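Inspection log for the structure reproduced underneath, given as structure tokens.
The values are calculated or read from the model by the stated rules, or taken from the named source; none is laboratory data. Not measured: the values here are computed from a predicted model. Here Cβ is always computed from backbone atoms with ideal geometry, including for glycine, and neighbour counts include all displayed protein chains. Remember, those area values only see protein heavy atoms, side chains included, never the ligands or the DNA or RNA. Shrake-Rupley method; radii C 1.70, N 1.55, O 1.52, S 1.80 Å.
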Amino acid sequence: MQLNLSSGLFAPENKFNPLDVEKQYDVIIIGGGPSGLTAAVYCMRKGLATGLVSIQVGGQMADTAGIENYLGYRYINGTELIDKFREQVAQFGIDFETKAHVQSIEDGDVKKVILEDGRSFRTRTLIIASGKQYKKLGVPGEVELTGHGVAYCAICDAPLYVDKRVVVSGGGNSGVAAAIDLAKVATHVTLVQRRDRLMADQLLIDKLKAYENVDYLLEHLVTEIHGTNQVTGVTILNRKTGEHIEVETDGIFVEIGLIPNSGFAKGVVEVNEYQEILVDCHCRTSAPGIFAAGDVTSVPYKQIIIACGEGAKAALSANDHILNQTD
């Protein structure tokens, strides 16, 4: 892959250079979200030869319309916060690969990160901060309106929908929990569930049913999202009758689950039943010298500020591991 070093992310003033296949790194970080970028800052401040591999700089923050729970900002949108993080990393010289897909990793005294394009990079330690990806509806309008009324995190974005009408797609724990958060602030919530019943825990269902501003469309599917610069409505299919209905809304929350980006580490580190990488309080995985941080791990509460803290811990743990090897 040929990189343009004269403009954009890899401009010389950004101090970003492509990863070097001939170089052995002290640490390679997989993932460019909050945990990965924080880990990069801490690793470089420790003087470690650091490389970072990422599909998308910012991770899930790129899909977040507004953030009101990150200390230091009363309100900031996801793209703006990504820029702040990137500026922080740009203070240091770092080898960086963007739009790079990791195919696999290999354990050993010298670990390897192998990309889908066949290139392989060597490192003494490895930090996996590859996050999760939201399950998508895959319907027209979803991609175009993401961040403009299409949202995937009620904890992050529910406060933006005070006195507005919203749709929630998903009747599992995440969908019902999102509907509860939204029912507290929105004028009306329409919950759309493809099955004939809600699949969430009964405790959550009971809490949601205490709100009178929620409608339920069971055995229905969202088939299209409408709007130009902002969501204005959705088309919903009745799975029993085949009929379509149009629902006016200011936004739609897609809450059908998340998938950890941990497949490339299969067989190298232990994962739980949700395919999240198991870590201890030092972000250590089951493989010595391999650490993990952020949403890809078993650590609860998937929040930006938590991911940042875990990224810092992983970096410090990786540094300690290298010092202990040297001693």
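Which of the helices (runs of 4 or more DSSP H) contained wholly in segment 133-218 include at least 2 residues that are open to solvent by 10 Å² or more (accessible area, probe 1.4 Å) and over 27 Å from residue 55 (Cα atoms)? Write out each step before concluding.
On the way: elements: 154-157, 173-183, 202-209.
Correct list: 173-183, 202-209.
For the structure I just gave you, tell me whether residue 86 is out of contact with any strand residue (DSSP E or B) (no Cβ under 7 Å at 6 or more places or on another chain), open to solvent by 10 Å² or more (accessible area, probe 1.4 Å), closer than 30 Å to residue 289 by Cα and at pLDDT below 85. Give the steps one after another, and end with the answer.
Details: out of contact with any strand residue (DSSP E or B) (no Cβ under 7 Å at 6 or more places or on another chain): yes; open to solvent by 10 Å² or more (accessible area, probe 1.4 Å): yes; closer than 30 Å to residue 289 by Cα: yes; at pLDDT below 85: yes.
Yes: the conditions hold for residue 86.
Determine which member of the set 141, 147, 131 is on the phi > 0 side of the Ramachandran plot and at pLDDT 95 or above.
On the way: 147 fails: at pLDDT 95 or above; 131 fails: at pLDDT 95 or above.
The conditions single out 141.
For residues in segment 33-56 being buried (at least 22 other Cβ atoms within 10 Å of the Cβ) and not in a helix (DSSP H, G or I), which is farthest from the chain's Cα centre (by Cα)?
50
Being free of Cβ contacts under 8 Å to residues at least 40 places away in the same chain, of a type outside the set (A, V, I, L, M) and closer than 24 Å to residue 279 by Cβ, is that true of even one residue in segment 110-122?
Looking for residues that are free of Cβ contacts under 8 Å to residues at least 40 places away in the same chain, of a type outside the set (A, V, I, L, M) and closer than 24 Å to residue 279 by Cβ, one finds at least one in segment 110-122, hence yes.
Just the residues that are open to solvent by 30 Å² or more (accessible area, probe 1.4 Å) and either under 20 Å from residue 106 (Cβ atoms) or of a type outside the set (Gly, Ala, Ser) (or both), please, taken from segment 305-327. Show your work before the answer.
Of all residues in segment 305-327, those open to solvent by 30 Å² or more (accessible area, probe 1.4 Å) come to 305-306, 309, 313, 316, 320-321, 323-327.
Correct list: 305, 306, 313, 316, 320, 321, 323, 324, 325, 326, 327.
Restrict the check to segment 103-118 and report whether at least one residue is touching a Phe, Trp or Tyr at 6+ places or on another chain (Cβ under 7 Å) and part of a loop (DSSP other than H, G, I, E, B).
No.
Take residue 117 and decide whether it is within 24 Å of residue 57 (Cβ to Cβ), at pLDDT below 95 and open to solvent by less than 10 Å² (accessible area, probe 1.4 Å). Steps first, answer last, please.
Working: within 24 Å of residue 57 (Cβ to Cβ): yes; at pLDDT below 95: yes; open to solvent by less than 10 Å² (accessible area, probe 1.4 Å): no.
The answer is no for residue 117.
Within segment 267-304, track down each residue that is part of a loop (DSSP other than H, G, I, E, B), open to solvent by 70 Å² or more (accessible area, probe 1.4 Å) and either over 27 Å from residue 78 (Cα atoms) or of a type outside the set (Ser, Thr, Tyr) (or both). Give the steps one after another, and end with the answer.
In the first step, residues of segment 267-304 are kept if they are part of a loop (DSSP other than H, G, I, E, B); the result is 267-270, 272-276, 278-283, 285-289, 293, 298-303.
Those still in the list that are open to solvent by 70 Å² or more (accessible area, probe 1.4 Å) too: 267, 270, 273-275, 281-282, 288, 300-301.
If the condition is that a residue be part of a loop (DSSP other than H, G, I, E, B), open to solvent by 70 Å² or more (accessible area, probe 1.4 Å) and either over 27 Å from residue 78 (Cα atoms) or of a type outside the set (Ser, Thr, Tyr) (or both), then 267, 270, 273, 275, 281, 282, 288, 300 are the ones that fit.
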